[in-house]
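Only one structure is covered here, and it is reproduced in the block below.
The values are calculated or read from the model by the stated rules, or taken from the named source; none is laboratory data. Note that the structure is a prediction, hence the values are computed from the model and not measured. A quick note on method: Cβ atoms are made from the backbone with ideal geometry, for glycine too, and the neighbour counts reach across all protein chains shown. Protein only, heavy atoms only, side chains kept; ligands, DNA and RNA dropped before computing areas. Shrake-Rupley method; radii C 1.70, N 1.55, O 1.52, S 1.80 Å.
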Amino acid sequence: MEEIRVSPDYNWFRSTVPLKRIIVDDDDSKVWSLYDTGPKSIRCPIIFLPPVSGTAEVFFQQVLALSGWGYRVISLQYPVYWDLLEFCDGFRKLLDHLQLDKVHLFGASLGGFLAQKFAEVTHKSPRVHSLILCNSFSDTSIFNQTWTANSFWLMPAFMLKKIVLGNFAKGPVDPKMADAIDFMVDRLESLNQSELASRLTLNCQNSYVEPHKIKDIAVTIMDVFDQSALSHEAKEEMYKLYPNARRAHLKTGGNFPYLCRSAEVNLYIQIHLRQFHGTRYAAISPEMVSAEELELFFPQLKTD
């Protein structure tokens, strides 16, 4: 069934986009792995943050499509962090190392929660210009696991994988969604015990987003209407938290729409980023933006 792993797109991605490994902490076991594509002159790229089960590869279809359209795209994988503030400090150091002042963040599930927390923690000296939150949440209590969060580090890898797999879709799904699940299971298998335990700890330790600290950030909430790990209540909570957010609804897509509905997801990402074209926070190379489009979105830039 490993359709995605043997697909021409995935093989092209693996053969043409180099994986970089960067250490920014004093502890040299904390290694950030990332793919960085598109024009390096762009100082405000879009950065993709994966879910608990994901690696930097899970966004390969976004990396290929968006960089092909002229965007600078970074897809990354976190080192082992056991605490949200520790993660935020490490991510800030990574942005400093990459010489990025502000960024756009696309976060899936846990990645979306971490993106919100990073925006919140850095709100006095903002590093996040906008957020796209895909199947994400704002309060870890929805998982009813806060009481076990401190014991994940003790559990063997097979038990942690069982916990994660329990959130994957069950029952009949369409072939593309089945391929996406297979690919994510394969990615999950590549994570070691401490990587999984630390991510589940971040996902479940008692914490919530304080929206008043990030109220000035442009947000798009992306979610699916079919079955996903997120409850209806959790989605409603996100809408309440960000009443002015744009909403990007996908009729189907399950937990991993960026894999099985990539064309729709990529279109919504483009629509979100388009509002920054012609500004210093554009994630796209100016040469790749047509004059008509600039005039459409920024009529004040029109020249005679």
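Can R92 be described as touching a Lys or Arg at 6+ places or on another chain (Cβ under 7 Å) and surrounded by fewer than 21 Cβ atoms within 10 Å (Cβ to Cβ)? It is true that R92 is touching a Lys or Arg at 6+ places or on another chain (Cβ under 7 Å) and surrounded by fewer than 21 Cβ atoms within 10 Å (Cβ to Cβ). When the stretch 207-263 is filtered for residues that are within 23 Å of L165 (Cα to Cα), touching a strand residue (DSSP E or B) at 6+ places or on another chain (Cβ under 6 Å), touching a residue at least 40 places away in the same chain (Cβ under 8 Å) and not basic (K, R), the ones remaining, listed by number, are M222, V224, G253, P257. Filtered by the rule that a residue be part of a loop (DSSP other than H, G, I, E, B) and in contact with an Asp or Glu (Cβ under 7 Å, 6 or more places away or on another chain), the stretch 4-36 gives I4, R5.
If you scan the stretch 76-112, which residues turn out to be over 18 Å from the mean Cα position of the chain (by Cα), of a type in the set (D, E) and assigned to a helix (DSSP H, G or I)? E86, D96, listed by residue number.
For the stretch 230-262, the candidate set comprises residues that are among the hydrophobic types (A, V, I, L, M, F, W, C) and under 26 Å from E57 (Cβ atoms); within that set, the residue that is surrounded by the most Cβ atoms within 10 Å (Cβ to Cβ) is F256. The set of residues from the stretch 125-180 being touching a Phe, Trp or Tyr at 6+ places or on another chain (Cβ under 6 Å) and open to solvent by 20 Å² or more (accessible area, probe 1.4 Å) comprises H129, D139. With the structure loaded, tell me whether L105 is out of contact with any His (no Cβ under 7 Å at 6 or more places or on another chain), open to solvent by less than 20 Å² (accessible area, probe 1.4 Å) and touching a residue at least 40 places away in the same chain (Cβ under 8 Å) or whether it fails that test. Yes: the conditions hold for L105.
Of the numbered criteria (1) of a type in the set (V, I, T); (2) under 17 Å from Y281 (Cα atoms); (3) without any contact (Cβ under 8 Å) to a residue 40 or more places away in the chain, the one V121 fails is (2). Going through (1) surrounded by 24 or more Cβ atoms within 10 Å (Cβ to Cβ); (2) in contact (Cβ under 8 Å) with a residue 40 or more places away in the chain one by one, Q99 falls short only on (1).
Quick grid of which residues meet (1) within 29 Å of C204 (Cβ to Cβ); (2) part of a helix (DSSP H, G or I):
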site	(1), (2)
E233	yes, yes
A248	yes, no
A263	no, yes
T279	no, no
E287	no, yes
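Evaluated against (1) assigned to a helix (DSSP H, G or I); (2) closer than 30 Å to Q275 by Cβ; (3) not charged (D, E, K, R), I181 falls short on exactly one condition, (2).
Could you pull out the residue among L133, L110, L114, L100 that is more than 29 Å from F168 (Cβ to Cβ) and either modelled with pLDDT of 95 or more or of a type in the set (A, V, I, L, M, F, W, C) (or both)?
Answer to the selection: L100.
Does E57 satisfy the criteria of being open to solvent by 10 Å² or more (accessible area, probe 1.4 Å), of a type in the set (D, E), in contact with a helix residue (DSSP H, G or I) (Cβ under 8 Å, 6 or more places away or on another chain) and at pLDDT 95 or above? Yes. Please determine whether any residue of the stretch 11-21 is in contact with a helix residue (DSSP H, G or I) (Cβ under 7 Å, 6 or more places away or on another chain) and open to solvent by less than 10 Å² (accessible area, probe 1.4 Å). Yes - at least one qualifying residue is present in the stretch 11-21. Among the residues of the stretch 263-294 satisfying the criterion of being open to solvent by less than 70 Å² (accessible area, probe 1.4 Å) and charged (D, E, K, R), which is modelled with the lowest pLDDT? Among those residues, the one meeting the criterion is E293. Got at least one residue in the stretch 61-70 being open to solvent by 20 Å² or more (accessible area, probe 1.4 Å), over 15 Å from G107 (Cβ atoms), in contact with a helix residue (DSSP H, G or I) (Cβ under 6 Å, 6 or more places away or on another chain) and among the polar types (S, T, N, Q)? Scanning the stretch 61-70, I find at least one residue that is open to solvent by 20 Å² or more (accessible area, probe 1.4 Å), over 15 Å from G107 (Cβ atoms), in contact with a helix residue (DSSP H, G or I) (Cβ under 6 Å, 6 or more places away or on another chain) and among the polar types (S, T, N, Q), so the answer is yes. Within the stretch 53-75, the set of residues being of a type in the set (A, V, I, L, M) and touching a Leu at 6+ places or on another chain (Cβ under 8 Å) comprises A56, V58, V73, I74.
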